[in-house]
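Read the figures in this text as sums done on the coordinates, not as results from a lab. Bear in mind that the values here come from a model prediction, so they are computed numbers and not experimental data. Note: ideal-geometry Cβ built from the backbone for every residue, glycine included; neighbour counts use all protein chains shown.
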């Protein structure tokens, strides 16, 4: 399972989506598309990969789908996710 999680997070658009969802809120796919400059089909594919890895859950809201981090992440998965997000933040600071 760890390999699937790390593989999902290795793709920059998916990692950026997780960074947005890490605020604890629920975000419409339309918002993710806009913030990540992605088409609807591309964003849907990325979110499906994150969902299959067990990192996000979704909810249909009329014609849109809303995503949030999976509230039932195992402690190990949560620790891996937190470490990846912390490393990404440090990497972004160094690049700035």
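Details
- Sorted largest first, the spans of the alpha carbon positions of the chain along the three principal axes are 37, 33, 21 Å.
- Extension gain from residue 6 to residue 85, taking 0.36 nm per residue of separation minus the Cα-Cα distance: 27.3 nm
- Between residue 51 and residue 95, the FRET efficiency estimated from the beta carbon spacing at R0 = 25 angstrom works out to 0.30.
- The helix-based estimate of mean residue ellipticity at 222 nm for the chain, built from -39,500 (n - 2.57) per DSSP H run of four or more residues and divided by its residue count, is -19500 deg cm²/dmol to the nearest 500.
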